[in-house]
1. Exactly one condition in (1) open to solvent by 100 Å² or more (accessible area, probe 1.4 Å); (2) over 19 Å from E13 (Cα atoms) is false for Y66; which is it?
2. So which of A60, A35, A25 is part of a helix (DSSP H, G or I) and within 30 Å of G150 (Cα to Cα)?
3. Considering only residues that are among the aliphatic types (A, V, I, L, M) and farther than 21 Å from M127 by Cβ, look in the range 60-103 and name the one that is nearest to the chain's Cα centre (by Cα).
4. Where the second residue is open to solvent by 70 Å² or more (accessible area, probe 1.4 Å) and in a helix (DSSP H, G or I) and the first is under 18 Å from P23 (Cβ atoms) and among the small types (G, A, S) and lies in the range 131-150, which pairs have Cβ atoms under 7 Å and are six or more apart or on separate chains?
5. Which of the numbered conditions does Y66 fail, given that it passes all the others? Conditions: (1) touching a Lys or Arg at 6+ places or on another chain (Cβ under 9 Å); (2) part of a helix (DSSP H, G or I); (3) of a type in the set (F, W, Y).
6. With farther than 17 Å from K7 by Cα and aliphatic (A, V, I, L, M) as the only criterion, which of L62, L85 stands out?
7. Please give the number of the condition L115 fails out of (1) closer than 15 Å to I9 by Cβ; (2) hydrophobic (A, V, I, L, M, F, W, C); (3) more than 17 Å from the chain's Cα centre (by Cα).
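The values are calculated or read from the model by the stated rules, or taken from the named source; none is laboratory data. Model, not experiment: these values are computed from the prediction. Glycine also receives a Cβ, built like all others from the backbone with ideal geometry; neighbour counts cover every protein chain displayed. Ligands, DNA and RNA are excluded from the accessible area calculation, which covers all protein heavy atoms including side chains. Shrake-Rupley method; radii C 1.70, N 1.55, O 1.52, S 1.80 Å.
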Amino acid sequence: KVMIVIKSIKKHEGFESKPYIDPLAYNSIPLDEYAIIKKNWNRLKVTFGYGFTFLTEPEAELVLKYRIAHIRIELEDKLPVFHRLSQNRQEVLIEMAYQLGVTGLLKFKNMIQALIGRNYDRASREMLDSRWARQTPERAKELANKMLKG
């Protein structure tokens, strides 16, 4: 059941065993600073978690499963319509929350209103009419289509 959303997130996120600079970071960091960071990235000895410098793919999948479970719980709590959506539509919201955070997903107020009204065509359009869709257009199109078809 959870494997479908895991497969989709893996496809859209890709696997990296080591920390990397998010490609969208250049929008929030001055270009000259971004170039310096990128040039010196491998010498920075970046760590995360409990001193990790890398994760194996099986370790990353365990973390992914854990995060998906917690996102589901948070969505069930903060989005009353969530429980009555089809599994596919729930997975769309889980994946959006994985990428944007639950707080970011909850900013899609028009989409949420459309879901409450069972207007999945409008919900799909609202997804595509967003900054998120402009930043990750292929992912947004795929998820909007999944939302539409249910």
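1. Against the list (1) open to solvent by 100 Å² or more (accessible area, probe 1.4 Å); (2) over 19 Å from E13 (Cα atoms), Y66 comes up short only on (2).
2. Working: A35 fails: within 30 Å of G150 (Cα to Cα); A25 fails: within 30 Å of G150 (Cα to Cα).
Just one listed residue meets the conditions, A60.
3. Step one: filter the range 60-103 for residues among the aliphatic types (A, V, I, L, M), giving 60, 62-64, 68-69, 71, 73, 75, 79, 81, 85, 92-94, 96-97, 100, 102.
Okay, now just the ones that are also farther than 21 Å from M127 by Cβ, so 60, 62-64, 69, 73.
Details: A60: 15, L62: 16, V63: 14, L64: 11, A69: 14, I73: 16 Å.
Within the range 60-103, the match that is nearest to the chain's Cα centre (by Cα) is L64.
4. Sorted first by the residue in the range 131-150, then by its partner, the pairs are A140/L128.
5. Going through the list (1) touching a Lys or Arg at 6+ places or on another chain (Cβ under 9 Å); (2) part of a helix (DSSP H, G or I); (3) of a type in the set (F, W, Y), Y66 breaks only (1).
6. Values: L62 fails: farther than 17 Å from K7 by Cα.
Exactly one residue qualifies, and that residue is L85.
7. (1)
The rows are residues; the columns are (1) closer than 13 Å to L64 by Cβ; (2) not in a helix (DSSP H, G or I).
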{"residue": "I6", "(1), (2)": "yes, no"}
{"residue": "K10", "(1), (2)": "yes, no"}
{"residue": "N40", "(1), (2)": "no, no"}
{"residue": "V46", "(1), (2)": "no, yes"}
